[in-house]
1. Take Ala34 and decide whether it is in contact with a strand residue (DSSP E or B) (Cβ under 8 Å, 6 or more places away or on another chain) and not aromatic (Phe, Trp, Tyr).
2. State all residues of segment 10-47 that are crowded, with 19+ Cβ neighbours inside 10 Å and out of contact with any Lys or Arg (no Cβ under 7 Å at 6 or more places or on another chain); if no residue qualifies, say none.
3. Give the residues of segment 50-65 that are outside any helix (DSSP H, G or I) and either more than 18 Å from Ala87 (Cα to Cα) or out of contact with any Phe, Trp or Tyr (no Cβ under 6 Å at 6 or more places or on another chain) (or both), sorted by residue number.
4. Scan segment 82-118 residue by residue and report those that are touching a residue at least 12 places away in the same chain (Cβ under 8 Å), in a loop (DSSP other than H, G, I, E, B) and surrounded by 10 or more Cβ atoms within 10 Å (Cβ to Cβ).
Amino acid sequence: MPAEEIIDLYCKAWDEPDAARRDALLRQALQEDATYTDPTVHAAGIAALSQHIETVLARYPGSKIERLGALDRHHDVGRFNWRKVLADGTPLPEGVDFVDFAGDGRLTRVVGFFPPRK
């Protein structure tokens, strides 16, 4: 599967309120032991990431993640910009994720950065 499709599946998982469907999306996009790290959490494995996403969705019901622009990739690493859009259409500030790709194309690591707080 092309790398941009993997990233889109990953982003779609952040919008999925149904745990079973979310886990299925994550399994398509990430290896089982993949890690996710951002300023608020470190999650190891799909189950831990899915639980974190559920917590975020509870805080921002009906919100969506938008990938902004193209994936920038070389070798087995990439980065992409994104933003969360609240249910009422209000966009939050942009973030950036850095990812590592496995040989099968799925993600092994995601490191997210949020805009600096003022």
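1. Numbers: in contact with a strand residue (DSSP E or B) (Cβ under 8 Å, 6 or more places away or on another chain): yes; not aromatic (Phe, Trp, Tyr): yes.
Yes: the conditions hold for Ala34.
2. Of everything in segment 10-47, those that are crowded, with 19+ Cβ neighbours inside 10 Å and out of contact with any Lys or Arg (no Cβ under 7 Å at 6 or more places or on another chain) turn out to be Tyr10, Trp14, Arg22, Leu26, Tyr36.
3. In the first step, residues of segment 50-65 are kept if they are outside any helix (DSSP H, G or I); the result is 60-65.
Scanning segment 50-65 gives Tyr60, Pro61, Gly62, Ser63, Lys64.
4. Passing the criteria: Leu86, Ala87, Pro93, Glu94, Ala102, Gly105, Arg106, Phe114, Pro115.
Only the coordinates and a few stated rules stand behind these numbers; no lab work does. What you are looking at is a predicted structure, and each value in this text was computed from that prediction instead of being measured. Virtual Cβ from ideal backbone geometry, glycine too; neighbours counted across all protein chains shown.
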